[in-house]
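The values are calculated or read from the model by the stated rules, or taken from the named source; none is laboratory data. Quick caveat: nothing in here was measured; it's all calculated off a predicted structure. Positions of Cβ are generated from backbone atoms using ideal geometry, with glycine treated the same way; all protein chains shown enter the neighbour counts.
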Amino acid sequence: MSRQKKLRKVYGDKETVKGISFDVAEGEVFGILGPTERKTTTLEMLEAIRPIDGGEAILDGINVCPRPRSR
């Protein structure tokens with residue numbers, strides 16, 4: 001199970017990922033559609049490649065960023 005709750009990413013004064021939330025059940029096929037860069041940024045946060053500025057991302061019960069940055 002994967003759970004993303006109010007996931008946020010901010011660059012300067014621009015909020016690129018604006019508090020998205022979704023759950024993906026085990027075995028479920030899931031896709032992300034949206035504007036350029038926001039999909040990549042979201043996936044990179046889930047993969048712990050890019051820091052998370054707010055919210056939480058839990059993959060298989062593991063919080064990939066237990067302490068998101070405060071902005």
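Some points to look at:
- Search result, residues across the range 1-43 that are within 22 Å of ARG67 (Cβ to Cβ), surrounded by 14 or more Cβ atoms within 10 Å (Cβ to Cβ) and out of contact with any strand residue (DSSP E or B) (no Cβ under 9 Å at 6 or more places or on another chain): none
- Residue ranges of strands (runs of 3 or more DSSP E) in the range 2-71 with at least 1 members at pLDDT below 90 and on the phi < 0 side of the Ramachandran plot: 2-11, 54-59
- For the range 56-67, the candidate set comprises residues that are in contact (Cβ under 8 Å) with a residue 24 or more places away in the chain and in contact with a helix residue (DSSP H, G or I) (Cβ under 9 Å, 6 or more places away or on another chain); within that set, the residue that is surrounded by the most Cβ atoms within 10 Å (Cβ to Cβ) is ALA57.
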